[in-house]
Each structure stands twice: as C-alpha cells, then as structure tokens.
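The values are calculated or read from the model by the stated rules, or taken from the named source; none is laboratory data. In this text, all values refer to a predicted model and were calculated from it rather than measured experimentally. Don't worry about glycine lacking a Cβ; one is built from the backbone with ideal geometry, like all the others, and counts go over all protein chains shown.
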Ligand code: PMT
C-alpha cells in the first residue's frame, strides 16, 4: 500500500534518531518517496548525509539554504505529503506541535500538512509519564493525529520503562495498515450508537450509566479513516470525534435513540450499536423537581425501553450488517452469544467489567468478537482506538 506514497519523515533530537535511518530505508523499499525534515537538534544525533543518501533528496532542516538564500516552502511540503511521520518525537517537539510553536521547519511543516500525521514518541520514562506529555499527546489525538505508542524496554538512560520509540518495522506496518484501511469502507454508510442514555425522573434527575462514549467515538473515527460516511447517534457525552467528517445526531433518552436509529437504518450499510442503552425508564416523569421534604422514601415505577438492536435486527436486509456490543459481568461468552442470536445480529463485541482496563470510561478495552457463523476472535487489552480499528478490520 505504500508504493508511490509521498511520506515526510520528521526527525527530532533524540537517541532513537539512529533508528530512523532504518525506517527511511524500509519505506523506500516498500516503494514510498521519502522527504526527511529534521529539527536542528536532530542533526546532533544522525547526519543529514546518511538520510539524503538513503532518500536521494537533500534533507530539509532550515527555512532557507544559507549560502544561496533558497527558500524551503513548508506549505508545498505539507501539500506534497500523503502522510507525515515524526519519529522519534521528543517531548519538546510534541509540546510545540500541540501548542503551535512554529519555531522550526519540522513544526511549520506539521502545521501546514493536510495529510494524516503519525507521531512516534521517544523519551525517558519519567518524561513520558509526566502529565504535560500526556496532555500534549491528548491534544495531538484530538487534532486527529495518530500516536504510535512507545514500547517498554531499556531506555537511553539505562532505566527500564515506557518510552522506547516503536521499532521501524512496526511503524511501517502502522502506515501500511492505515493506507489499506483507507479503502476498506469507501462508499459505505456506517451508523454508530455511542454513550449512555438518560431517562428523566424530573427536571434535575435521571437514570443513566457510566458510558462516556469513548468506545463509540473511537469506532466512528476508525470507520471514517476506513473511508466510510459515518453518523453517530450519541447519548450525552463529553467526547468528540477526531475525524471532521463524522456527523453526530445528539439524543438523550433510549426512546429518542430508537427513533433516530429507526429513521437512519434503511440508508445504512453497517450499524454498530455501542451505546449503553437504559433498559428501563420511569413511568411518570415529574414536571417539577421532586422535593425531599415531601417524601420519606421513594419508589420509582419503571417501564421497559424498546430494544433498539433487536428492532433493527427484525427488519435487517441481507445487504446490511448489524453489530452489537455486550457488556457483561459473568457468564460472558454465553450471554454474548445469546444476545447475538436473540437480536439477529451478524456480530457481537463482548467486553467484560471483570477485566481490569475494559468497559466503561477507560482508554483501553479488551474484547472478544463473536460472529453469526460461529467464529470467535479474542483481542488483547489495547487502546480503544486500536480496538476500534481491529473491529472495523473484522467487519463481515
Ligand atoms: O462509552 P465507554 O465509556 O467507552 O464504554 C463503552 C461501553 C462499555 C459502553 C461499550 O463498550 C459497550 O459495551 N456497549 C454496550 C453496552 C450495553 O448496553 O450492553 P448490553 O449487553 O446491555 O446490550 C447489548 C446490545 O443491545 C448493545 O449493542 C446495546 O447497544 C443494545 N441495546 C441494549 C438495550 C436496549 N434497550 N437497546 C439496545 O439496542
């Protein structure tokens, strides 16, 4: 997938810069055209001569060539690229990228780039763990940049921990996977439900759950990156899609989510039901706030909400794919397979609250995918973004 792709490799000043020569060589071997952009500090770690010999192009490092005055246009570079990968990315450059501090050629090129950007951090474990690094990486994620998470291992300081730049072979794999996925859902309309639903008791109280929408919005981003036209029907959440093409229809209650899903379903090719829909809602919703003084105890009578996934499953066409989620606490696989059949789903994604790091509100998830044909695929604990990309890869 990398053949003929224009790739900017940005190098910053870290020990791992020596590995970037291998990255450049591997990209070129795959048929990519590579332009290296280095920060001034990066030149202390690897020479431009090595990189220009590998790419067959002069390395860009300054805004202009001192002796000729030739101007290097970061705008042209940004437009030329199909992808930009910054490896290694130091804490300093990550901070500059996150905050628009355009004081070198690499950051100005980053700010001008229209192409997807991949960032492979490399730094000492304490710098990696610092809240400022975490915040800056979160900002980059919110801009839609792809973070290639650093590995654990021995660092330049000889300390052992998280902060090693991902190996060049794996960075190439990530880029290759990105370009393969980009075509996978081209022309498909994907509908995703995300977040919780709120069932009103009175104007200030509701019955809800702990869903944050992180998993549903990660799926929306992954589907959009795979080329799909994506709509999210979303309960009340504070997260946003990173991909600007994702459309959001906000709803509050299960009944509103039901109406929006039923309306959008006929036009959808793929539907992924990731929302945590309240199964019950109060029979009576009070118009005014229920006063504590007026009630010693309280019983709220509940009625069952519609099962949205089952309703869509009952009218599903053969050309549509319906995917559910199952959030379980016990007898996980058994319950997931029962829901897959009962709701006439093609696929169900099981996550269990018994697994640390999985389920509500976490940035990670551990899922097992069950399909109607009886096949089963268990994925390791990984970020919700990676989980989502794997689910999208396994749609069928
Ligand atoms: O949002 P996060 O904080 O990132 O958390 C993600 C998540 C844990 C909410 C998500 O990964 C998840 O598991 N979502 C499904 C939660 C759930 O409601 O599971 P369930 O087993 O109760 O429901 C089974 C399926 O039926 C789900 O696809 C659900 O969307 C659907 N359903 C349930 C009830 C209902 N009335 N209508 C439905 O459509």
**Study point:** Filter result (surrounded by fewer than 17 Cβ atoms within 10 Å (Cβ to Cβ) and touching a residue at least 60 places away in the same chain (Cβ under 8 Å)) within the range 244-263
**Key:** 244
**Study point:** residue 389 surrounded by fewer than 17 Cβ atoms within 10 Å (Cβ to Cβ) and part of a helix (DSSP H, G or I)
**Key:** no
Practice item. Go through the residues of the range 280-295 one by one and say whether even a single one is surrounded by fewer than 21 Cβ atoms within 10 Å (Cβ to Cβ), assigned by TED's automatic domain parsing to the domain that holds residue 228 and within 11 Å of the ligand (Cβ to nearest atom). Key: yes
Practice item. Go through the range 317-346 and give me each residue that's under 23 Å from residue 223 (Cα atoms) and more than 9 Å from the ligand (Cβ to nearest atom). Key: 317, 318, 319, 320, 321, 322, 340, 344, 346
Check your understanding: For the range 25-62, how many residues meet the condition of being in contact with a helix residue (DSSP H, G or I) (Cβ under 7 Å, 6 or more places away or on another chain) and in contact (Cβ under 8 Å) with a residue 12 or more places away in the chain?
Key -> 22
Revision key, fill the gap. Going through the range 78-95 in order, the residues found to be over 22 Å from the mean Cα position of the chain (by Cα) and within 21 Å of residue 16 (Cα to Cα) are 92
Review point. What is the residue count in the range 5-24 for residues that are free of Cβ contacts under 8 Å to residues at least 40 places away in the same chain and either in a strand (DSSP E or B) or more than 26 Å from the chain's Cα centre (by Cα) (or both)?
Key: 2
Revision key, fill the gap. Conditions (1) touching a strand residue (DSSP E or B) at 6+ places or on another chain (Cβ under 9 Å); (2) farther than 19 Å from residue 15 by Cβ; (3) in a loop (DSSP other than H, G, I, E, B) -> residue 84 fails only (3)
Practice item. Among what's in the range 113-137 and is out of contact with any strand residue (DSSP E or B) (no Cβ under 9 Å at 6 or more places or on another chain) and surrounded by fewer than 18 Cβ atoms within 10 Å (Cβ to Cβ), pick the residue that is farthest from residue 246 (Cα to Cα). Key: 130
Point to revise | Selection count, the range 255-314, where residues are outside any loop (DSSP other than H, G, I, E, B) and at pLDDT below 95 | key: 3
Practice item. Determine which single condition residue 270 fails, assuming it passes every other condition in (1) closer than 30 Å to residue 381 by Cα; (2) within 12 Å of the ligand (Cβ to nearest atom); (3) touching a residue at least 40 places away in the same chain (Cβ under 8 Å). Key: (2)
Check your understanding: Before we move on, is residue 368 out of contact with any strand residue (DSSP E or B) (no Cβ under 7 Å at 6 or more places or on another chain), crowded, with 17+ Cβ neighbours inside 10 Å and in the same structural domain as residue 214 (by TED's automatic domain parsing)?
Key -> no
Study note, to complete from the structure: Of (1) under 20 Å from residue 137 (Cβ atoms); (2) over 22 Å from the mean Cα position of the chain (by Cα), residue 110 satisfies every one except (2)
Check your understanding: residue 353: surrounded by fewer than 18 Cβ atoms within 10 Å (Cβ to Cβ), within 13 Å of the ligand (Cβ to nearest atom) and at pLDDT 95 or above, yes or no?
Key -> yes
Exercise for review: Could you check the range 160-229 for strands (runs of 3 or more DSSP E) lying wholly inside it with 1 or more residues that are within 16 Å of the ligand (Cβ to nearest atom) and either assigned by TED's automatic domain parsing to the domain that holds residue 275 or in contact with a helix residue (DSSP H, G or I) (Cβ under 6 Å, 6 or more places away or on another chain) (or both)?
Suggested key: 189-194, 199-202, 205-207
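Here is a yes/no grid of residues against (1) buried (at least 18 other Cβ atoms within 10 Å of the Cβ); (2) closer than 20 Å to residue 26 by Cα:
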position: 147; (1), (2): yes, yes
position: 153; (1), (2): no, no
position: 157; (1), (2): no, no
position: 166; (1), (2): yes, yes
position: 169; (1), (2): no, yes
Check your understanding: Out of curiosity, is residue 144 modelled with pLDDT under 95, more than 23 Å from the chain's Cα centre (by Cα) and assigned to a loop (DSSP other than H, G, I, E, B)?
Key -> no
